[in-house]
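Below is one structure, written out as structure tokens; the observations come after it.
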Number of protein chains: 2
Amino acid sequence: MSQLFVRTLRDDPADAEVPSHRLLVRAGYVRRAAPGIYTWLPLGLRVLRNVEAIIREEMDAIGAQELSFPALLPREPYEASNRWTTYGNGIFRLHDRKGGDYLLGPTHEEMFTLAVKDMYSSYKDLPVWLYQIQTKYRDEARPRAGVLRGREFIMKDSYSFDTTDEGLDASYAAHRAAYVRTFDRLGFDYAIVKATSGAMGGSRSEEFLAKADVGEDTYVRCTHCDYAANVEAVAVRAPAASGYDDAPAAHAEETPETPTIATLVDHLNEKFPREDRPWAAGDTLKNVLVVLKHPDGTREPLAIGLPGDRDVDQKRLEGQLEPIEVEAMDDVELRKHPALVKGYIGPEVLGEESASGIRYVVDPRVVDGTRWVTGANLPGSHVLDLVAGRDFTADGTIEAADVRDGDACPNCEEGTLESARGIEMGHIFQLGRWFAEALDLKVLDESGKLVTVTMGSYGIGVTRAVAAIAEGNHDEHGLCWPRAIAPAAVHVVAAGKDPAVFAAAERLATELAGAGLDVIYDDRAGKVSPGVKFKDAELIGVPTLVTVGRGLADGVIEVKDRHTGEREEVAVDDAAAHLVGVVRG
Amino acid sequence: MSQLFVRTLRDDPADAEVPSHRLLVRAGYVRRAAPGIYTWLPLGLRVLRNVEAIIREEMDAIGAQELSFPALLPREPYEASNRWTTYGNGIFRLHDRKGGDYLLGPTHEEMFTLAVKDMYSSYKDLPVWLYQIQTKYRDEARPRAGVLRGREFIMKDSYSFDTTDEGLDASYAAHRAAYVRTFDRLGFDYAIVKATSGAMGGSRSEEFLAKADVGEDTYVRCTHCDYAANVEAVAVRAPAASGYDDAPAAHAEETPETPTIATLVDHLNEKFPREDRPWAAGDTLKNVLVVLKHPDGTREPLAIGLPGDRDVDQKRLEGQLEPIEVEAMDDVELRKHPALVKGYIGPEVLGEESASGIRYVVDPRVVDGTRWVTGANLPGSHVLDLVAGRDFTADGTIEAADVRDGDACPNCEEGTLESARGIEMGHIFQLGRWFAEALDLKVLDESGKLVTVTMGSYGIGVTRAVAAIAEGNHDEHGLCWPRAIAPAAVHVVAAGKDPAVFAAAERLATELAGAGLDVIYDDRAGKVSPGVKFKDAELIGVPTLVTVGRGLADGVIEVKDRHTGEREEVAVDDAAAHLVGVVRG
């Protein structure tokens, strides 16, 4: 510790919002170089390398092959896939001295695809699984939480290449199993949830989320079955379409001063009471106007119809539309569409064929035969008994409504959903043939015919994993690393001023190092008190803490488990052997 | 081999000028992604990691501590050191989405300096030696020779921090010793030569050059003593200043049609013959006009006076002036200075105090008391017996004259210089206090006084090392890797169609892998002939090649040493044990 390039901080850094960020900075693992850009100090780098090693072992174990693409990439491959445009300002772009366009790779689908195209030409060459552990760049609008969401970060990204869908299924299954083993070894408490596949489509898609209150992802799980999904990926179970023969004709009614759902429901219950049950927000159809911002800069209005008891969930909506961004339509824009009466917009003026010409998509619950109260397109008027499929037809459906605790499970009849938060640590999904089509990756099949290759995509956030593990492994005193990735196995503290203490502590540290253990030895003399040393040791969070101090006179040292807090005294002569046993389990 | 992500190429890539580039591409180690930007395929990455591991071990062994700075760096630290400006267009610059200025780090002096400033405050904390193995970026005007001079490349860069000059000397010596061990282990034939220190000054500076005809660096060594230096760093031994009491007054003479040194010398020997010896080019003083291009864009004329038998060596000149670039002064620019008469320029009109106002620097051989024939600043006229120190004084001296085989050694009386070419693999130098001053890195000394820290800088080109080792270890058939960094220890070829051959080869490969050796097993069946397999094996260059083929019927396999070409037959039953012995030495 007298030589280790580390300085612990007593105070939390001003910009740290989450425990992992606070502790990784305070304990001297990382330092901020710029927003979302971090230096890995010696302790941090050790943990990072341990995480990388576990990931590498599990990837190698399934037969994936490691290579390494550049981070500085030319524009051309990303032009071919159109992502040079669709990335928008989420990536770093630059010119070289000759004016050529480059980007800092945020992800390398194009490069992997082109590498296989360069090297392989036959179905006999496939499947092939390739991966890299490499630095990536994204110009995040809001880098946050230290290395949890940075702008320069390390990812393990793999891709599988197969000729058939069955092959892709097998590649996917192998990676999924490797991920389970990886995250188990890394010491995560995680959930595997259904996820969206992003802009490139694809079929199966699952995320590995580290359970954490500070996570940016919300997922839901069923109280009854094993369903679990990122809220972005929850597919609402639509009721079966019902007939509407018995429904009265739609009728517009004056509903003065009912600009909100709540005021409307009150008005309905007062003026148009129902016999079977009172009106509720879920009986109304709310039409929300938004503007889609396409990556090429064009703007497009969109109307979303959903039950009045639901709100639009921006993340769910954008998850469906990626890479399009969405913003609310403001009054200035609304006034450009004279058919729209603010607060009283109804389906009659919505849809591509309608007066407004605005595309109209509805929540899956708005199935044919459902009856709604909704805007009559006149100030202060609503229409009742408006039946979907009879009185209006939308241009499509969309999963934009918020998902709530207690919602019915989409997968079983009995369960309801409950939500939790997590940090996305891994994402595996079946990318399919999108990139292979775009970049013309074809191989000859058994009959000598050219077939397009199908791909799987498998990512792990490596730097993020360090933060996520810290998030799940700390207490009020500091970090408590799982043994597999800790920066050292044992942290030996020489407590006291007696030279015999230092001599014994150093001898022990040397013995442990000789036995192949990574040891931090706090040899600091002079003004550094035992209290400061203990505090630093707890902050740094090595799994086994050893104190050589007062007990030495009685021939014992103290061994403390950083996780459980359990302490035991061990004879100093047996200490090394004992500790090797503790570490090796 | 049937599964390894590699495809060997029969033909040399069109853009490959040097053997290492040709072979690394043909053998499937690297692929070009953009000019000077390469993908490391599985075989290449294994070699790269082996090189990294050796460097890391030797750095760790001397107590240097590894950390990792970002590659994407904010402008501010580089503004403080003024390098944001002085780098010119040799670096990649970019903006983030908020318009902030960033660069891709070409070197990290500022970051190391600031890290120590952030963490340390006392002389007790020093010395500290920090290093990283990290990706760097330089926007080279002419990236060349594959990964030998790339635009994205990996470097190991270390810095030492000391309070005293003696401390720096000790840090320097430790790193020098570590470099010797590192390069020895990597299998280099290298020279350690004196070098320039670049723009930042500093005192001791040495380069480790891999001896190679394709090297960009020319160095000289003495035929007698142990002097060796990069030509950029050769300091000409100036003759002692002599008196000039016996010299006649300078006299201008008509020398019509003598625009070149050769015509002038002929003219002198014809019209002004000397008794003791004939006139030679070395008796004339040539004044060369150049333009300095400063990083901030300004241009400045400079006159360089040197013996007429010497030429200006652009690299030596720029080595002295870095980061300034130099170009010849063209006629348009020359005409802007009416005092200059092309072809007949003499010292009278040169110098900051002269009619032209152009700064005038001379070769160290132009010492006081030396006599020269030089331009008389009149068309067709030269001046004879012009004595330095009497008739003219320069504004300073400069090492710009070319160095030639046979030149006197600057270090001893007996030897002469001979030149060779090399690839710069490592550079160690005493950086001194330049960055610490610029970034205000001070610590308290023993007396409680703030002192500026002194730094050493120690770099190794890691990706370049792979190419340089390939450059020094190949033959007409392909690569011949030193064992320490080879992508595998043994390459087993199953030669023939007999299933027994494949069975025996696979059993051997499995046994070797079980013994902890890295093995490439060429299991390719079908149309891949034994000849193709042998060719690929020689091209890939693993040190030990094993053929399981025809001899199997007699119970033997063939073991071939890739370097020496020696072959021996080994009983198949003893093969694994024998090979483990060969590999482990």
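The values are calculated or read from the model by the stated rules, or taken from the named source; none is laboratory data. All of these numbers come straight from a predicted model, not from anything done at the bench. FYI the Cβ positions are ideal-geometry reconstructions off the backbone, even for glycines, and counts take in every protein chain you see. All accessible areas refer to the heavy atoms of the entire protein, side chains included, with ligands and DNA or RNA removed. Shrake-Rupley method; radii C 1.70, N 1.55, O 1.52, S 1.80 Å.
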**OP:** May I ask you to list the residues in region B:334-359 that are of a type in the set (Asp, Glu) and either outside the structural domain of B:Ala281 (by TED's automatic domain parsing) or assigned to a loop (DSSP other than H, G, I, E, B) (or both)?
**Re:** B:Glu352, B:Glu353
Subject >> Tally, over region B:59-72, of residues that are at the interface with chain A (Cβ under 9 Å from one of its Cβ atoms), of a type in the set (Gly, Ala, Ser) and crowded, with 16+ Cβ neighbours inside 10 Å >> reply: 2
**OP:** Looking only at region B:121-130, count how many residues are within 10 Å of chain A (Cβ to nearest Cβ) and assigned to a strand (DSSP E or B).
**Re:** 3
Original post:
Quick one: how many residues across region B:262-306 are within 25 Å of B:Arg359 (Cβ to Cβ), in a loop (DSSP other than H, G, I, E, B) and without any contact (Cβ under 8 Å) to a residue 60 or more places away in the chain?
Top reply: 3
Original post:
Which one is farthest from B:Tyr179 (Cα to Cα) among residues in region B:138-154 that are at the interface with chain A (Cβ under 10 Å from one of its Cβ atoms), of a type in the set (D, E, K, R) and buried (at least 20 other Cβ atoms within 10 Å of the Cβ)?
Top reply: B:Asp139
Original post:
Within the group B:Val583, B:Val542, B:Val556, which residue is aliphatic (A, V, I, L, M) and either over 29 Å from B:Val30 (Cα atoms) or over 34 Å from the mean Cα position of the chain (by Cα) (or both)?
Top reply: B:Val556
Original post:
Within region B:73-99, restricting attention to residues that are at pLDDT 90 or above and within 8 Å of another protein chain (Cβ to nearest Cβ), which residue is nearest to A:Arg97 (Cα to Cα)?
Top reply: B:Phe92
**OP:** With the condition kept exactly as written, say whether any residue in region A:209-217 is touching a Ser or Thr at 6+ places or on another chain (Cβ under 9 Å) and either open to solvent by 50 Å² or more (accessible area, probe 1.4 Å) or not in a loop (DSSP other than H, G, I, E, B) (or both).
**Re:** no
Original post:
Limited to region A:360-375, what total is found for residues that are open to solvent by 30 Å² or more (accessible area, probe 1.4 Å) and assigned to a strand (DSSP E or B)?
Top reply: 1
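Condition check ((1) under 26 Å from A:Val403 (Cβ atoms); (2) in contact with an Asp or Glu (Cβ under 6 Å, 6 or more places away or on another chain); (3) outside the structural domain of A:Arg567 (by TED's automatic domain parsing)) across all residues:
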residue	(1), (2), (3)
A:Leu444	no, no, yes
A:Val451	no, yes, yes
A:Gly456	no, no, yes
A:His477	no, yes, yes
A:Gly496	no, no, no
Original post:
Failed condition for A:Arg56, given (1) surrounded by 23 or more Cβ atoms within 10 Å (Cβ to Cβ); (2) within 13 Å of chain B (Cβ to nearest Cβ), with all others met?
Top reply: (1)
Original post:
Taking region B:273-293 on its own, how many of its residues are open to solvent by less than 50 Å² (accessible area, probe 1.4 Å) and not small (Gly, Ala, Ser)?
Top reply: 11
Subject >> Subset of region B:111-137 that is of a type in the set (D, E, K, R) and at pLDDT below 95 - its residue that is surrounded by the most Cβ atoms within 10 Å (Cβ to Cβ) >> reply: B:Asp125
**OP:** Please go through region A:119-147 and pick out each residue that is out of contact with any Phe, Trp or Tyr (no Cβ under 9 Å at 6 or more places or on another chain) and under 29 Å from A:Ala27 (Cα atoms).
**Re:** A:Ile133, A:Glu140, A:Ala141, A:Arg142, A:Pro143, A:Arg144, A:Ala145
Original post:
Would you pick out the residues in region A:144-191 that are part of a strand (DSSP E or B), modelled with pLDDT of 95 or more, within 16 Å of the chain's Cα centre (by Cα) and of a type in the set (A, V, I, L, M, F, W, C)?
Top reply: A:Phe153, A:Ile154, A:Met155
**OP:** Answer with yes or no whether A:Ala509 is open to solvent by less than 40 Å² (accessible area, probe 1.4 Å), over 15 Å from A:Gly496 (Cβ atoms) and within 41 Å of the chain's Cα centre (by Cα).
**Re:** yes
**OP:** Report the residue count in region A:109-120 for those that are facing chain B (nearest Cβ under 9 Å) and more than 27 Å from A:Asn89 (Cβ to Cβ).
**Re:** 5
**OP:** Scan region A:304-347 residue by residue and report those that are small (Gly, Ala, Ser), surrounded by fewer than 18 Cβ atoms within 10 Å (Cβ to Cβ) and at pLDDT 90 or above.
**Re:** A:Ala328
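Matching residues to (1) of a type in the set (A, V, I, L, M, F, W, C); (2) touching a Ser or Thr at 6+ places or on another chain (Cβ under 8 Å):
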| position | (1), (2) |
| --- | --- |
| B:Val6 | yes, no |
| B:Asp11 | no, no |
| B:Ala33 | yes, yes |
| B:Ile37 | yes, no |
| B:Gln65 | no, no |
Original post:
Between residues in region A:221-239 that are among the aliphatic types (A, V, I, L, M) and residues that are part of a helix (DSSP H, G or I), which pairs lie under 7 Å by C-beta distance while being six or more apart or on different chains?
Top reply: A:Val231/A:Arg316
Subject >> Which listed residue is free of Cβ contacts under 8 Å to residues at least 24 places away in the same chain and in contact with a helix residue (DSSP H, G or I) (Cβ under 7 Å, 6 or more places away or on another chain), from A:Thr544, A:Thr463, A:Thr452 >> reply: A:Thr452
Original post:
A:Lys560 is checked against (1) over 21 Å from B:Asp125 (Cα atoms); (2) at pLDDT below 95 and fails just one. What number does that condition carry?
Top reply: (2)
**OP:** Taking the residues in region B:376-435 that are of a type in the set (S, T, N, Q), under 25 Å from B:Gly308 (Cβ atoms) and outside any loop (DSSP other than H, G, I, E, B) as candidates, determine which candidate is most open to solvent (accessible area, probe 1.4 Å).
**Re:** B:Thr397
Original post:
Just wondering, is there one or more residues in region B:21-33 that are within 14 Å of chain A (Cβ to nearest Cβ), surrounded by 24 or more Cβ atoms within 10 Å (Cβ to Cβ) and among the small types (Gly, Ala, Ser)?
Top reply: yes
